[in-house]
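Here is the structure we will look at, set down as structure tokens.
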Amino acid sequence: MFSNPQLKKILAKAELISSEEFDKYSQEAEGLGKNLENYLLEKKIISSVVLYENAAAYYKLPFIDLKNQTIRKDILLSISEPIASTHNIVPFDASDKEIKVACLDPKDLEIFEFIKKKTGLKVKLYLTTPESLRETLKQYHKSLKAKIGYLANEKGRDADAFGDKKDLKKLATDLPVVRIVDTLLEYSIIEGASDIHIEPEEKDVLVRYRIDGILRNVMVLPKNVHSGIIARIKILSNLKVDEHRLPQDGRFKIATDEFNVAFRVSIIPTFCGEKIVLRLLNEKAQVLSLEQLGLQPESLKILKRNIAKPHGIILATGPTGSGKTTTLYTILNILNTPEVNISTIEDPIEYRMPHVNQSQVNPKIGYTFASGLRAFLRQDPNIIMVGEIRDQETAEIAVHAAMTGHLVLSTIHTNDAATTMPRLSEMGVPTFLISTTVNMIVAQRLVRKICPNCIQSYNLDAQTVTELEKSLNMEDILLAMERERTIMNAKKGLGSLLFYRGKGCKQCNNSGYKGRIGIYEILENDEEMSALILKNADADAIRQAAKNKGALSMIEDGFIKAKNGVTTLEEILRVTKE
């Protein structure tokens with residue numbers, strides 16, 4: 001990362017930004033407490049590639065983009081991973097006489113001298129971008145299985161070498177155990193996992209990561225490391241090391257310059273031993289914009305119209321892990337201005353938001369969603385977010401808060417938007433209150449996005465078209481796609497359309513997918529919908545009324561995204577099947 005004087009010289013020589021503009025951006029960045037280089041990149045005033053290409057020209061060095069390069073293992077390991085990460089350098093090629101090293105700071109002369117002495121080769125420097133370097137450093141982590149396999153079976157260790165099982169605290173500090181746990185946690189962060197599952201079996205311990213919503217086997221460990229791993233995680237989470245019969249919950253944090261991740265720990269006893277699930281919450285994660293959520297233009301208009309209302313209820317619905325909380329945080333981020341008082345009660349607090357009063361439930365002391373919500377109403381709030389409406393008491397207080405001039409955001413577990421109104425009624429909320437307080441319901445699922453590096457197009461074969469027409473109302477789906485201008489003519493049928501999938505490459509671990517996006521259906525409450533709710537109409541009647549108004553269903557939104565090359569048909573069918 002360049003200092004401000006370095007940046008000024010680079011940008012001035014390249015004539016990318018005038019001196020006056022540089023001073024203006026410098027003041028803006030300082031006012032926000034941000035690094036100037038990061039600020040320029042965030043604001044898209046300049047791209048990372050353009051900046052570092054011009055920096056390379058300024059320092060009279062060649063520029064290289066390493067993103068799609070696979071580096072020979074012996075070259076990569078000629079510089080150890082800690083040194084490469086600390087100094088932001090990576091060796092990528094070598095001959096008998098020289099070693100080629102990509103870097104971000106060509107003035108770190110000490111480290112280049114060190115490499116020269118260590119390898120006995122002349123160092124040839126290249127400049128690269130931070131993104132390219134980060135991606136390349138991941139290649140150090142590709143050998144997780146080999147690294148942990150070595151730690152778990154170090155020479156000279158027998159079955160009991162991981163310590164005396166009676167002395168669990170000593171076992172938890174045993175160096176190989178510490179290294180195994182640290183490595184599993186570190187790799188989960190690098191791979192972008194949302195959960196880690198450590199599952200004891202009769203003879204082995206299975207480790208799985210949930211990446212992009214799908215559980216993947218990472219590796220199998222020998223059973224003799226299990227008690228040490230459990231003890232280590234219990235100590236990190238401040239749990240009882242000698243308690244093996246009862247479930248336990250805890251949490252701990254890992255903070256470095258690169259990441260700040262909180263781990264939620266859940267331990268349960270099973271027949272083969274204790275199973276651990278760790279949920280990763282990235283506290284440095286950026287809150288998305290409404291556009292980044294992936295809403296269609298008309299749905300986006302409805303959402304913007306409803307979040308501008310001063311009171312009422314906005315509900316996000318879907319199963320666990322469908323991105324409901326992310327949607328609510330995105331809305332909160334827009335509403336978060338100095339003119340309003342926002343309070344949230346959550347379980348757990350997933351993202352930290354400045355100027356928002358965030359509170360976490362604690363059932364052990366009787367601090368529940370309902371009691372927290374009741375207390376908030378004495379705090380002069382404008383906007384309240386409740387983590388989940390799961391009982392009659394919370395539902396009633398939320399409805400009364402909305403009725404008395406507050407905007408309430410919450411989540412509820414239903415399969416689609418239309419089912420939410422009858423669900424509130426089943427919870428004991430009178431229909432006249434539901435019809436007057438609920439502004440909008442957003443139902444959603446998360447689908448995996450096609451990897452942009454290996455995307456390819458294809459046409460559906462006749463058999464697949466027939467199967468889809470049997471299981472889905474394809475006529476309505478195609479008409480919705482035509483209405484949203486995704487296709488020109490619905491009458492041409494499904495067989496004429498081009499769809500996309502990922503072939504599988506190194507960037508996506510041969511899965512064909514990278515990242516996730518939401519598919520949505522939005523139900524807006526208007527006069528006609530209110531009348532239906534007052535009549536205690538069932539979900540089918542509400543669904544039909546929304547359809548008559550042209551509202552998109554989740555599967556229709558999914559087909560539009562599949563046709564646009566965002567996701568695959570297989571993903572849409574996987575997450576929408578009931």
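Across region 40-73, the qualifying residues are those that are in a loop (DSSP other than H, G, I, E, B) and in contact with a Leu (Cβ under 6 Å, 6 or more places away or on another chain), and the one among them that is surrounded by the most Cβ atoms within 10 Å (Cβ to Cβ) is ILE46. Do the conditions hold for ILE64, that is, is it of a type in the set (Val, Ile, Thr) and farther than 13 Å from THR128 by Cα? Answer is no for this residue. Name the residue that is farthest from the chain's Cα centre (by Cα), counting only residues in region 254-289 that are loosely packed, with under 14 Cβ neighbours inside 10 Å and modelled with pLDDT of 90 or more. Looking at the filtered set, the residue picked out is PHE271. Which members of region 312-348 meet the condition of being β-branched (Val, Ile, Thr), outside any strand (DSSP E or B) and in contact with a strand residue (DSSP E or B) (Cβ under 9 Å, 6 or more places away or on another chain)? Those that are β-branched (Val, Ile, Thr), outside any strand (DSSP E or B) and in contact with a strand residue (DSSP E or B) (Cβ under 9 Å, 6 or more places away or on another chain): THR325, THR326, THR327, ILE331, VAL340. Pick from region 190-209 the residues that are assigned to a strand (DSSP E or B) and among the β-branched types (Val, Ile, Thr): which of them is farthest from ASN224 (Cα to Cα)? Taking the candidates together, the pick is ILE196.
LYS364 passes every criterion in (1) open to solvent by 60 Å² or more (accessible area, probe 1.4 Å); (2) modelled with pLDDT of 90 or more; (3) over 20 Å from the mean Cα position of the chain (by Cα); (4) closer than 24 Å to ARG279 by Cβ apart from (2). Condition (residue is touching a residue at least 40 places away in the same chain (Cβ under 8 Å), of a type outside the set (S, T, N, Q) and open to solvent by 20 Å² or more (accessible area, probe 1.4 Å)) applied to region 430-439: is it met by at least one residue? Yes, the conditions are met somewhere in region 430-439. The condition of being surrounded by fewer than 16 Cβ atoms within 10 Å (Cβ to Cβ), part of a strand (DSSP E or B) and not aliphatic (A, V, I, L, M) holds for only one of TYR520, TYR458, that being TYR458. Being surrounded by fewer than 16 Cβ atoms within 10 Å (Cβ to Cβ) and of a type in the set (D, E, K, R) is the filter; apply it to region 159-185 and report the residue that is modelled with the highest pLDDT. The extreme case among them is ASP182. Just one of the listed residues (GLU484, GLU556) is of a type in the set (D, E, K, R), at pLDDT 90 or above, open to solvent by less than 60 Å² (accessible area, probe 1.4 Å) and closer than 28 Å to GLY321 by Cα, namely GLU556.
Against the list (1) over 30 Å from ALA401 (Cα atoms); (2) touching a Phe, Trp or Tyr at 6+ places or on another chain (Cβ under 7 Å), the condition VAL442 fails is (1).
Criterion applied to ILE384, ILE412 was being within 23 Å of the chain's Cα centre (by Cα), open to solvent by less than 10 Å² (accessible area, probe 1.4 Å), closer than 20 Å to GLN360 by Cβ and among the aliphatic types (A, V, I, L, M), and the one residue passing it is ILE412. Between PRO200, PRO222, the distinction of being touching a helix residue (DSSP H, G or I) at 6+ places or on another chain (Cβ under 7 Å), under 30 Å from GLY323 (Cα atoms), modelled with pLDDT of 85 or more and open to solvent by 10 Å² or more (accessible area, probe 1.4 Å) belongs to PRO200 only.
The values are calculated or read from the model by the stated rules, or taken from the named source; none is laboratory data. These numbers were taken from a predicted model, which means no experiment stands behind them. Neighbour counts run over all protein chains shown; Cβ positions are idealised from the backbone, glycine included. Note: accessible area is taken over every heavy atom of the protein model, side chains too, but ligands, DNA and RNA are not part of it. Shrake-Rupley method; radii C 1.70, N 1.55, O 1.52, S 1.80 Å.
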